[in-house]
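Accompanying notes for the structure given below.
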Amino acid sequence: MNKRFFIKSLSLAVMALGLAAPAAAQQWKPTKPINLIVPWAAGGSTDQVTRVTAAELEKVLGQKIVVVNQPGASGSIGTKSVWDAPKDGYTWAAGAAQDLGAYQTLGMLDVPAREWHLFLTVANVPVVGVNAATPWQNMNQLLDAMKAKPGEIKVATAGVTSGGHNAMELISRATGVKYRHVTYDGGNPAAVATVAGETDLTTQLAVEQADFIRGKRIRPLAAVSDKPLELEGYGVIEPITKFVPNLRVPTNYFGIFIPKGVPPEVVATVQQIWNDQIAKSEALKKYATSRGALFAPVAGDAALSAAMPAIAANAWLMQDTGKAKVSPDKVGIARP
């Protein structure tokens, strides 16, 4: 054989092997059930979308995904249990990406967002929803009442760092109103408490209030967004910027987080599933449309970039409201 031809052929073979290696690495087939920890109570926003996503993933992976609710400490307990678990690819977390920065600043879990592989599914919008028996018919009436009775009107949320709490804190800072914060173990319990009259209103996510809004047990006054929110079976909820023009709310992405350090074939496989299946999932699209969420699947570096504005805003909100134990700039989170 011609020596030059042999060397060229060998080089081509090596190149082919190099190209084939990543494809081979993507062929991860789990041999046992995967534990997917939801660090909030059942029925809330994280629990809802995670169960839809888990069912979609099971179809492709051919293995059971066990969703486990482990609430407590604003979601940090369940998330920490995932981080502390063996990095074998069989224990994943779920949640709102913005919480990853809050855990650091609150001294709950010193693990930055960049130490997780993010696989995002939807973006959620908080809604100011009042008990249907209350007299307030629009956002201006509610704000006037809160100014007239500072610290008396009760607001239900899923706790510090939750989307509902962040929304109410942003409203409070932009308008100067004071409120009485009542916390629950998840967004669904907070919405239920509002319906039951334990609290006057909730600022939890639309997905957690949707059925109560459609059933006329919660009256939505505003979507905490700069755009109107359309809820199937109800109609359009006006944006809060119509009433509070200077309010700015970063996009709150939800999804699944896999800790870095797991076998690379696990990450490559899930990334491929996100690109090929989750990005086209009719089940997730239907969920988003029916619950008042935005279908926004993204993974990898793009997911971290998409989530960082909310992560930074959330962390600095904790700092500016005196709740942070660690300044965000000390853990690499620049002020937005």
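The values are calculated or read from the model by the stated rules, or taken from the named source; none is laboratory data. Source: prediction; values computed, not measured. Neighbour counts run over all protein chains shown; Cβ positions are idealised from the backbone, glycine included. SASA here: full protein model, heavy atoms, side chains in, ligands and nucleic acids out. Shrake-Rupley method; radii C 1.70, N 1.55, O 1.52, S 1.80 Å.
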Over the range 70-125, the set of residues among the basic types (Lys, Arg) and in a helix (DSSP H, G or I) is 80, 114
For the range 155-175, pairs from a residue that is assigned to a helix (DSSP H, G or I) to a residue that is open to solvent by 20 Å² or more (accessible area, probe 1.4 Å) and at pLDDT below 95, with Cβ under 6 Å and 6 or more apart or across chains, are 169/321; 174/246
If we take the range 221-318, then strands (runs of 3 or more DSSP E) inside it with 1 or more residues that are under 30 Å from residue 89 (Cα atoms) are 252-259, 294-299
query = Does residue 213 satisfy the criteria of being under 27 Å from residue 161 (Cβ atoms), at pLDDT 95 or above and among the aliphatic types (A, V, I, L, M)?
reply = yes
Residues in the range 167-186 that are open to solvent by 10 Å² or more (accessible area, probe 1.4 Å) and not hydroxyl-bearing (Ser, Thr, Tyr) total 10
Subset of the range 35-63, residues in contact with a Ser or Thr (Cβ under 8 Å, 6 or more places away or on another chain), surrounded by 22 or more Cβ atoms within 10 Å (Cβ to Cβ) and in a helix (DSSP H, G or I), comes to 49, 53
Scanning the range 204-218 residue by residue, those of a type in the set (Asp, Glu) and open to solvent by less than 50 Å² (accessible area, probe 1.4 Å) turn out to be 208
Across the range 317-330, the tally of residues that are in contact with a Gly (Cβ under 9 Å, 6 or more places away or on another chain), over 15 Å from residue 114 (Cα atoms) and either of a type outside the set (Lys, Arg) or open to solvent by less than 60 Å² (accessible area, probe 1.4 Å) (or both) stands at 3
Checked pairs for the range 274-301, first open to solvent by 20 Å² or more (accessible area, probe 1.4 Å), second basic (Lys, Arg) and modelled with pLDDT of 95 or more, C-beta under 6 Å and 6 or more apart or across chains, list as 295/285
Of (1) farther than 25 Å from residue 126 by Cβ; (2) touching a residue at least 12 places away in the same chain (Cβ under 8 Å); (3) surrounded by fewer than 18 Cβ atoms within 10 Å (Cβ to Cβ); (4) not aromatic (Phe, Trp, Tyr), residue 267 satisfies every one except (3)
Within the range 60-84, residues over 21 Å from residue 159 (Cβ atoms) and touching a residue at least 60 places away in the same chain (Cβ under 8 Å) come out as 60, 61
For the range 319-336 the number of residues that are under 18 Å from residue 164 (Cα atoms) and in a helix (DSSP H, G or I) is 2
### Message
Could you go through the range 187-203 and let me know if any residue there is at pLDDT below 95, buried (at least 23 other Cβ atoms within 10 Å of the Cβ) and outside any helix (DSSP H, G or I).
### Response
no
Checked against (1) surrounded by 22 or more Cβ atoms within 10 Å (Cβ to Cβ); (2) under 30 Å from residue 238 (Cα atoms), residue 333 satisfies every condition except (2)
Only one of (1) surrounded by fewer than 20 Cβ atoms within 10 Å (Cβ to Cβ); (2) under 21 Å from the mean Cα position of the chain (by Cα); (3) farther than 20 Å from residue 310 by Cβ does not apply to residue 110, and that is (3)
Note on the range 126-154: residues open to solvent by 10 Å² or more (accessible area, probe 1.4 Å), of a type in the set (Gly, Ala, Ser) and not in a loop (DSSP other than H, G, I, E, B) are 145, 148
